[in-house]
1. Provide the gained length on full extension for the span Lys91 to Lys248, in nm with one decimal, where the gain is 0.36 nm per separating residue minus the Cα-Cα distance.
2. Take each of the peptides 43-51, 187-195, average the number of other beta-carbon atoms within 10 Å over its residues, and list them starting from the highest.
3. Once the Cβ-Cβ distance between Ser22 and Leu51 is put in as r, and R0 is 41 Å, what FRET efficiency do you end up with, to the nearest 0.05?
4. Ordered by residue, what ³J(HN,Hα) values in Hz, to whole numbers, does the stretch 32-41 give under the Karplus form 6.51 cos²θ - 1.76 cosθ + 1.60, where θ = phi - 60° and Gly and Pro are x?
5. Tell me, what HN-Hα J-couplings in whole Hz come from the Karplus equation 6.51 cos²θ - 1.76 cosθ + 1.60 at θ = phi - 60° for each residue of the stretch 255-268, using x for Gly and Pro?
6. Relative to the present Cα-Cα distance, how much length would full extension add between Met44 and His153 at 0.36 nm per residue of separation?
7. Amide H of Tyr174 versus every other amide H placed in the peptide plane: which residues, excluding those fewer than 5 positions away on the same chain, fall under 5 Å?
8. How large is the accessible surface of Arg172 in square angstrom, using a 1.4 angstrom probe and rounding to the nearest 10?
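The values are calculated or read from the model by the stated rules, or taken from the named source; none is laboratory data. This one's a predicted model, so the numbers in the text were calculated from it and none came from an experiment. Neighbour counts are summed over all protein chains in view; Cβ atoms, including those assigned to glycine, are modelled from backbone coordinates with ideal geometry. We work out accessible area using only protein heavy atoms, side chains counted, and drop any ligands, DNA or RNA first. Shrake-Rupley method; radii C 1.70, N 1.55, O 1.52, S 1.80 Å.
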Amino acid sequence: MPLGTLDSDPPPFFRQGPSAMSKLAVCSALALFLMVADARFKVMQPLRATLAAVLYPVQWLALRPVILFQDGSQYFSSLSAAKAAQEEALKKRNLQSQRAHQVEQLTLENARLRKLMGLRERLQSPATAAQVLYDAADPYSRKVIIDKGMADHIGLGSPVLDESGVLGQVTRVYPLVSEVTLLTDRDHAIPVLNTRTGARGVAFGDVSIHADAMELRFMAANADVVAGDLLTTSGVDGVYPPGLPVAKIDRIERRAESAFARIYCTPQAQVNAAFHVMVVKPLSGEKLPAAAAEPAPVVVKKGAGK
C-alpha cells in the first residue's frame, strides 16, 4: 500500500480538545454574559415565553394527578363535614322538639294546677294535694293509685277531685299510697243533681259502651232531662261537697216497654289523663277506718234520687 494513502490524523480516542478548565471558564463567562444581558436588555424574555408555551401542556398533564388527588381529598372532607353538620342539625332539631313538647306539657300542667287551686279555694272542706302514680293492675276495674296514704291522714271514702270535677273516691288506704276508684268503675255510684232542673239522681259507672262512660239510672222515662245537662254533686250523701261537676248528659234512650230512661253521661273529670288531684275530707267529718285488705263499699241509697 502506498504511504500517501495513510491518514496521518490520530484516531478519535486519542484526540485532545480544550481542557476542562477552559470549558468551565467559557461556560461561566457565557452564563454571566447572558444573565447580565437578560437583566439589562431582557434578551431572554422571548425565549422564556416560547419555552413556557411549549412546556405548558407537559406541566398541565403532570399536574393533573396532583389536582385530582387534592379535589378528591377536599370532596371527602366536605362530605364528612356535611354529614357531621347534618347529624348535629338533627340532634338540635330533636332537642328543640323535645323542649317544645315539654313546654306544651308544662303549660297544660300549669293550667290544670291553676284550675285545681281555684277549685280548692271554693271548697270549705280540708283538702290534700296528691299525684296519680299509676293505674291499678286489675283490668276489670277503673282504679288508680295516688302517692298519699295513712301517713298523710287520708281517710277511707274521701272524694278525689281534679281540675275539672269529681274524679272518684278513695276505696283503699295504705301507709304511703291509696287506691282511688274512678267514677267510671262499674261498682261506683255517686248522688248527683241536675243543675238545670234541680232533680236529684244517682250516676253509676257504665262500661257497656266504652271505658269512660257513666249512666244516670232510676230516672223516669218522662223525666225532664235533655242532652247537655250538667250533673253536679248533690251533697245528700254526706261525703261529696255539693256543687262539684260530675258529668254531662250525652244521650237519652226512652223505651216504651221500660219505666226508666237510659241516660248516658260523660264524666267531666279527666279520668284517663289526671295527674294532679286533691283528696277532700268527707263532709260528715267522720274518720273512717283505713282498710288495706278489703275495699270500702261506696254506700249510696238508690232512693236518694226520688
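1. On the way: separation 157, 0.36 × 157 = 56.52 nm, distance 4.53 nm.
Full extension of this stretch gives 52.0 nm more.
2. On the way: 43-51: 10.9, 187-195: 21.1.
Listed from highest to lowest mean packing, they are 187-195, 43-51.
3. On the way: r = 29 Å, r/R0 = 0.70.
It comes out at approximately 0.90.
4. My calculation for the stretch 32-41 gives 4, 4, 5, 5, 5, 5, 6, 5, 8, 10 Hz in order.
5. Result, ordered by residue: 10, 5, 7, 10, 7, 10, 8, 9, 10, 9, 10, 10, x, 7 Hz.
6. On the way: separation 109, 0.36 × 109 = 39.24 nm, distance 10.91 nm.
Taking Met44 through His153 to full extension adds about 28.3 nm, to one decimal.
7. Residues meeting the criterion, in which the H sits 1.01 Å from N, are Met150, Glu179.
8. Approximately 60 Å² for this residue.
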